[in-house]
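Reviewing the structure listed below.
The values are calculated or read from the model by the stated rules, or taken from the named source; none is laboratory data. Small disclaimer: the values here were computed from a predicted structure and weren't measured. Please note: Cβ atoms are built from the backbone with ideal geometry, for glycine as well, and neighbour counts cover all protein chains shown. These area figures cover heavy atoms from the full protein model, side chains too; ligands, DNA and RNA do not enter into them. Shrake-Rupley method; radii C 1.70, N 1.55, O 1.52, S 1.80 Å.
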Amino acid sequence: MVTLTPPVLRVSDSGRNGASVFEVFTALSSSSRGLTEDEATQRLLTVGENRLPADRLPSAGDRLRTALGSPFLVLLGGLGVVLGVIGDVRGCVTVAAMVALSAGVRWWQQSRSDRAMRALRDFATHTATVRRRPSPDSPAIERELPVEDLVPGDVVILRPGDVIHADLRLIAAHRLQVDQSPISGESLPVRKDTEPRGGQRTGPLSRPDMCFAGTSVVSGWGTAVVIATGSQTFWGAATRAANAARPPSSVDAGVKSVGKALLRFMAVMVPIVLAVSGWITGQWAHAGLFAVSVAVGLTPELLPVIVAATLLRGAANLAERRVILKRPESICDLGAIDMLCVDKTGTLTEDRVAYAYAVDIDGRPDSQVDTYACVVAAFQALPYNQLDAALADLLCADDEVVVRARFTKITESPFDVYKRRSTVVVQEQSDERIVITKGDPDAVLGLCSHVQVAGIVTELSSDLADQGRDLVASYEKQGVRVLAVAAKTIAVSTRFEESPTDVNGMVLVGFVGFVDPIKSTAAAAVRQLGAAGVSVKVLTGDAPKVAEYFCAMAGLPAGRIVTGADIDKLSDSRLGEIVCRRTVFARIDPQQKARIVTALRASGHTVGFIGDGINDSSALRVADVGICVDTATEVARHAADLILLDKDLTVVADAVTEGRRTLGNTMKYVKITTASNFGNASSVVLAGLLLPFLPMLPIQLMVQNLLYETTQLTLPFDGVDDEYLRRPRRWQPNGLVGFAVMFGLLSSIFDLATFAVLWWVLGANTGAEQTVFQTGWFVEGLLSQVLVVLVLRSRQRLREASAPALPLLAAVIVVVVAGLCLPFLPIAGWIGLAPLPAAYFGWLMLILAAYLVAAQLLKNRWVRRTELFS
C-alpha cells in the first residue's frame, strides 16, 4: 500500500523545478486513468474525508462548551460560588438551575443551527468530476463525486466555474485561469499550465503547475491529480496557522459591547456597595450579600439566548420567503444595507434570453451570420452561457447534425471576460479552414479589416465601421443584446495559436441580436427598496445603451453611465466620489465590480451585492452582504452570505425589511433590559444606605430576572414601527449607557416610593417584617419591569404604536399573574416570600400607573432629543 504523506511539500520539493508528472504519479501510486474504486475506498479510510476542521459541524461536547462559555454564565457561576461560600444554599441552588437552564437553551439552539447548516450544506452539495476505474483492467470513467470523497491520487477534471477542493498537480491544461485570491491575495486570475517553471517568486503559490483548495476556475479547462486533501492542503495549513477565526459580526460585537458596559457598571458599583455597607454596619458578610445582590441585579442572564432566539426567528421568517442564511448573524448586516449593487440580467430582467435576428452591417437579414454564430456555439467545449443556449435552441436536432457533418472542429479559443470573444477553427473543405469569432461588437470590430455585404467582401473603412457601431447602438437602445460575428479562411497547414496575427484581418459577417424581457416586478421592487432607503446601482458587462434601456423600464434613472474604461482611469479616491453619485456602470469586468463595491464601503456605505457568476466571487467577498441564487455557480454560492431560492429584487427588498425588524427587536431587548437591570442595581444601592436589611435577597432578584426575561423570549415575534423600517439600521451601542441611566433611575424613583409605602404605611420596618418588605418590592419590581416593556417597545405614543404581538402580550399577562400569585403559593418559602396584606395592592396599582405614565412622558422627551431609541 502506498504511504500517504503531506504531498504538497513532498511533490514540490522533488527537484529544483518540481517533480515531473511521471514522478508525481509514481509517488502517489496512481496514473492518468485514475484510481480504482477499491484503491480510493482504502485511501479514504486511511486519510479520512476531504474536510477542513471548519467544515466539520461541532460535536455535542463542542456545543456544550460553547453554551457554558458565555461570559454571562461565567458571571452567574461566580455568583453561585459566592452564595455558597456565604451559606446561602437556596441561592446557590437557584443559580445552578439558572445556569443549567440557560446553557441548555443555548445548547438546543446551537443544535438547531447546526442542523440547519447541515441541511444547507446538503442543499448546496459540492461535487468534483473524477476519473475512476471499476477494476484495474477497466477503462477510466468520468463521474461526479462528492468532494468529501476525494483522496490523494484521484484524477480530477477542471472546468470553468469549478471550486477546487483539494491541492492538485496539473497533468494537462488548456488556457486554464484560476482565481487564487482567497489564498494569495492576487486580484487577477492566474494562468496555469503543466510546466513547473521556476521564477523570481518562490514557494508553491508561485508554481503554475499547481492548483490549491479554496481557489476556483475562471476559464479554460484542465486535468489534475490530487496531491493533498483536508487539513493537509495549503488552505488547511494556513487555516491552522491562523486558527481560522472569523471576524465577529455586528451582533457579536454588539453583545460584547453590552457585556462590557454592564461589567463597567459592576466594577464601579459593587466595590462601592461592599465598602460603604461594610464600613457603616461593620458586618462584612452582610455587605458581601449586598454586593452580590447588586451584581445579580445587573446581570441579564438570558441575553445571549434571547439574541440568538431573535436571530433564528428572523432566519425562519426569511426561510418562508425562500431566503437561506448561511450565518444567522448576517441578517442584521442585511438590515443595515443602504446600497444594493445588482447585475441587470436576472434581477431587472427575466433572465430568459431569446434569439431575435441576424443582420449584416446594413441591417438586412443574413442567414450566414446565423450559421457562423451557431457553429461557434455548437463546437465550444465550455458550458453554454445564455446567449450560447439561445443559439443552440435556434438549431433543431437535424440542423445540428448537418452542422457537425458539414464542419470539423480543429481547435478553439474559449471565451473569457478580458478578450470578450470566443473563437473556433473548423474545416469545411479539404484545402482550407475557417476561423470564426463571435463576441462583443467593439472587441470583434477591432479585429476586422474587411466586411461582407450581400456576399461581397470589401475593405472595412472607417465610415463602414462607424455605420456598424451606429447599427449596434440603435439596437442596444431598444434593449437588444448584440454579438458581432467575423470569419476568415486560413490554410490547412497554418497553426492557429490566437496570436495577434492569427485573429487580425478578420471579415465582419454581421450581428446577432438577443432579447431578455424586463421583469414585471422590477419597477415595484426598485420603488420598495427606494422607500426603504436603499439605493440600487446596476453593475453590468452589457453595453451602456442596453443598460440604460432596461433601467428606464425598471423606473431607475440611469443618469450619466460610467464604463469600465472610465473606471480604469480613476484613482481609488476619485472612484469613491464617482460611485456614490452614479447609478449605472456598464461594460465592467469582475475586478471593476469589486473595486466599485470596495469604494462604496470606503465611503461609509453598507453594501449588498447580488451576483451569480464565476466572476462575481470577488465582489461577493468584499461586500458587507453577498447575495446569490441557488442556481448560481459553485464559486458564487461559496462566497455569498445569503442564498435566494427566487432571483427577484422583491425578495431582496423583503429580506432587507426582515433584517431591520430582527435588529429592531434585538435592540428593544438590549436597551430595555439594560435599563431595568441598572434600575434594580441602583435601588439595591440606595436601599443599602437607607435600610437595616436587604431590600431583596439575591435569590429573589434572580427569580425576578428569570421571570422578566421569560417574557422577552417572545420579543422575536413582536412587530416593529413602520418608521423604523424606512431607513437602514445598524447596531448602535452609542447612547446605550445614557438610556440605561435615564430609565433606570426613573424606575428607582418608583422603587423608593414602594419602599416608603412598605416602611411607613404598611409597617414593614423591622427585622421581623423584612420578608413582607422584600416580597412587596419583588412584586412591584417584577410587574414594573414587565409592563414597561409595553411602553418602551415602540418609539411612538401608545395610541400610535403598533400593537404588541399576541405571544408578547400573553407572556406579559402570564408573568403578571404569576408575580401576584407567587407569594401565596407553597414555593414562596423557598425563595423567601410571604403573603402580602390587601392594602398593598391598592398602592401597587397607583405606583405602577404613575410609573408607566412617567415612562411614556420621558420616552416622548427622549425621542425628541435623540434618534437612538428604537
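Any idea how many residues of segment 524-561 are part of a helix (DSSP H, G or I) and surrounded by fewer than 17 Cβ atoms within 10 Å (Cβ to Cβ)?
Residues meeting the conditions: 6.
Just one of the numbered conditions (1) in contact (Cβ under 8 Å) with a residue 24 or more places away in the chain; (2) within 17 Å of Val369 (Cα to Cα); (3) surrounded by fewer than 21 Cβ atoms within 10 Å (Cβ to Cβ) is not true of Glu428; which one?
Only one criterion is unmet by Glu428, namely (1).
I need the full set of residues from segment 447-464 which are out of contact with any helix residue (DSSP H, G or I) (no Cβ under 6 Å at 6 or more places or on another chain) and surrounded by 14 or more Cβ atoms within 10 Å (Cβ to Cβ), in order please.
Cys448, His450, Gln452, Val453, Leu460, Leu464
Here's the yes/no breakdown for (1) open to solvent by less than 40 Å² (accessible area, probe 1.4 Å); (2) more than 24 Å from Ala805 (Cβ to Cβ); (3) modelled with pLDDT under 85:
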| site | (1), (2), (3) |
| --- | --- |
| Leu686 | no, yes, yes |
| Leu690 | no, yes, yes |
| Leu701 | yes, yes, yes |
| Gln732 | no, no, yes |
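Of the residues that make up segment 760-772, is at least one without any contact (Cβ under 8 Å) to a residue 40 or more places away in the chain and among the aromatic types (Phe, Trp, Tyr)?
yes
If I filter segment 328-352 down to residues being at pLDDT 75 or above and small (Gly, Ala, Ser), which single residue comes out as nearest to Thr662 (Cα to Cα)?
So, considering only residues that are at pLDDT 75 or above and small (Gly, Ala, Ser), the one nearest to Thr662 (Cα to Cα) is Gly335.
Residue check: is Ala586 surrounded by 22 or more Cβ atoms within 10 Å (Cβ to Cβ), under 22 Å from Lys519 (Cα atoms), at pLDDT 90 or above and in contact with a Leu (Cβ under 9 Å, 6 or more places away or on another chain)?
The answer is yes for Ala586.
From the list Ala854, Ala839, Ala850, pick out the single residue that is in contact (Cβ under 8 Å) with a residue 24 or more places away in the chain, loosely packed, with under 13 Cβ neighbours inside 10 Å and either of a type outside the set (Asp, Glu) or assigned to a helix (DSSP H, G or I) (or both).
Ala839
Which of the following residues is out of contact with any Leu (no Cβ under 6 Å at 6 or more places or on another chain), open to solvent by 10 Å² or more (accessible area, probe 1.4 Å), part of a helix (DSSP H, G or I) and at pLDDT 75 or above: Asp370, Asp362?
Exactly one of Asp370, Asp362 is out of contact with any Leu (no Cβ under 6 Å at 6 or more places or on another chain), open to solvent by 10 Å² or more (accessible area, probe 1.4 Å), part of a helix (DSSP H, G or I) and at pLDDT 75 or above, namely Asp370.
I need a count of the residues in segment 577-607 that are among the charged types (D, E, K, R) and more than 14 Å from Ile561 (Cα to Cα).
So the count comes out to 5.
Name the residue that is surrounded by the most Cβ atoms within 10 Å (Cβ to Cβ), counting only residues in segment 808-836 that are aliphatic (A, V, I, L, M), in contact (Cβ under 8 Å) with a residue 12 or more places away in the chain and not in a helix (DSSP H, G or I).
Ranking the qualifying residues of segment 808-836, first place goes to Leu833.
Among Thr233, Thr229, Thr194, which is the only one that is at pLDDT 75 or above, open to solvent by 20 Å² or more (accessible area, probe 1.4 Å) and either under 26 Å from the mean Cα position of the chain (by Cα) or among the polar types (S, T, N, Q) (or both)? Spell out how you get there, then give the answer.
Working: Thr233 fails: open to solvent by 20 Å² or more (accessible area, probe 1.4 Å); Thr229 fails: open to solvent by 20 Å² or more (accessible area, probe 1.4 Å).
Being at pLDDT 75 or above, open to solvent by 20 Å² or more (accessible area, probe 1.4 Å) and either under 26 Å from the mean Cα position of the chain (by Cα) or among the polar types (S, T, N, Q) (or both) holds for just one of Thr233, Thr229, Thr194, which is Thr194.
How many residues does segment 500-513 hold that are in contact (Cβ under 8 Å) with a residue 12 or more places away in the chain and either open to solvent by 50 Å² or more (accessible area, probe 1.4 Å) or under 17 Å from Asp343 (Cα atoms) (or both)?
Summing the residues that are in contact (Cβ under 8 Å) with a residue 12 or more places away in the chain and either open to solvent by 50 Å² or more (accessible area, probe 1.4 Å) or under 17 Å from Asp343 (Cα atoms) (or both) in segment 500-513 gives 1.
Let me spell it out: the conditions are (1) at pLDDT below 90; (2) more than 26 Å from Leu556 (Cα to Cα), and Met506 meets all of them except one. Which number is the exception?
Met506 satisfies every listed condition except (1).
Quick one: would you say Leu707 is open to solvent by 50 Å² or more (accessible area, probe 1.4 Å) and either assigned to a loop (DSSP other than H, G, I, E, B) or touching a residue at least 24 places away in the same chain (Cβ under 8 Å) (or both)? Reasoning before the result, please.
Details: open to solvent by 50 Å² or more (accessible area, probe 1.4 Å): no; either assigned to a loop (DSSP other than H, G, I, E, B) or touching a residue at least 24 places away in the same chain (Cβ under 8 Å) (or both): yes.
No, not satisfied.
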